[in-house]
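Where a number appears in this text, it was derived from the coordinates with a stated rule and is not lab data. Note that the coordinates shown come from a computational prediction; the quantities given were computed from them, not determined experimentally. Here the Cβ positions follow ideal geometry from the backbone for every residue, glycine too, while neighbour counts run over all protein chains shown.
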Amino acid sequence: MLRDALIEHLNHLLHPELFKDYAPNGLQVQGKSDVRRIVCAVSATQRVIDRACELQADALLVHHGWFWRGENAAIVGTKYKRLKALLSADINLIAYHLPLDSHETLGNNARLGALLGAAEITQLTDEPFVWTGTVAAESLEALADRVGQLLGREPLVLGQREEPIRKLAWCSGAAQDFFEIAAAAGVDAYLSGEAAERTTHFARESGVPYLVCGHHATERLGICALGEYIEKELGLECIFVDDDNPI
């Protein structure tokens, strides 16, 4: 499949034009024009690039690409090494950030809700990146155990709750700044990838516990779903490479 046709299809699917994002979405680094094998990953790290080269991939499709707003624009150090490896292998770098958090079926939050078996799923009107749904967890500990098994890592639980968890809010990645908005919506608990120092105090004082589940762990879901979609709908080979991250 021609690279430009692939990008056009993904843009039509994910609608990056609807988002004011922190980095460019779509094609970030141009490579070969024909794409047959794609490596998918959460982030475009050196390990992932090296594996893409070993697999002779034509494109690298990630959630966390490059050229973030406010970062040093100089191509030096690790950025130079990554870019040199990618260009030497003529591999395209394609990235979708917020569009892959928000997609109604393939996005990180949609897939997280499905994984948790949540019902009555909706998005907050005043902050659509925060999703809510009903779950059946007899205790906070039971919910934490379930989340740990599903995501493959034990969450850090901030705050306490004695009653069962029924209404849950979540947002993948670094969404600790949405915690107060979620709590104001009347949820029993909130789940995201990262936490700040202040997060602990708000969880304790608000009575709404916070499950810190890992930025990487909560954002493997969308890129895997997108790879599966591409294989099924476009007939291209997609290989997921997991460069694990404790954050």
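Scanning the chain for trypsin sites (Lys or Arg not before Pro) in DSSP loops with at most 10 other Cβ atoms within 10 Å, what's the longest stretch left with none?
70-247
With a sphere of radius 13 Å drawn around the Cβ of E127, what net charge do the other residues whose Cβ falls strictly inside it have (Lys, Arg +1; Asp, Glu -1)?
The answer is -4.
Would you mind counting up the charge near L100? Only other residues with Cβ under 14 Å from its Cβ, with Lys and Arg at +1 and Asp and Glu at -1.
The answer is -3.
Report, in whole Å, the centroid distance computed from the Cα atoms of segment 140-210 and segment 19-82.
If you average the Cα positions of each part, the centres end up 31 Å apart.
Got a sec to turn the phi values of segment 79-93 into Karplus ³J(HN,Hα) couplings, 6.51 cos²θ - 1.76 cosθ + 1.60 with θ = phi - 60°, whole Hz, x for Gly and Pro?
Per-residue couplings from phi come out as 5, 5, 4, 5, 5, 4, 5, 5, 5, 4, 8, 6, 9, 6, 10 Hz.
Segment 1-74: which GluC sites (Glu not before Pro) are DSSP loop and have at most 11 other beta-carbon atoms within 10 angstrom?
When the GluC sites (Glu not before Pro) of segment 1-74 are filtered for loop state and at most 11 Cβ neighbours within 10 Å, E71 remain.
Cut-off 20 Å, label point 7 angstrom out along Cα-to-Cβ of T105: give me the residues of segment 6-22 whose amide nitrogen falls inside.
6-18
Rank these for me by crowding, C213, C53, going from fewest to most other beta carbons within 10 Å.
Arranged by neighbour count, lowest to highest, C213, C53 become C53, C213.
Could you please rank W66, W131, W170, placing first whichever residue has the fewest other Cβ atoms within 10 Å of its Cβ?
By the 10 Å Cβ count, ascending, the order reads W66, W131, W170.
Helix-only estimate, please: 222 nm mean residue ellipticity of the chain, summing -39500 (n - 2.57) across DSSP H runs of length 4 or more and dividing by its residues, to the nearest 500.
Estimated from H runs of four or more residues: -11000 deg cm²/dmol.
Sort Y80, Y229, Y96, Y210 so the one with the fewest other Cβ atoms within 10 Å of its own Cβ comes first.
The fewest-first ordering by Cβ neighbours comes to Y80, Y229, Y210, Y96.
Determine the relative contact order of the chain: mean sequence separation of Cα pairs under 8 Å and six or more apart, normalised by residue count, in whole percent.
21 percent
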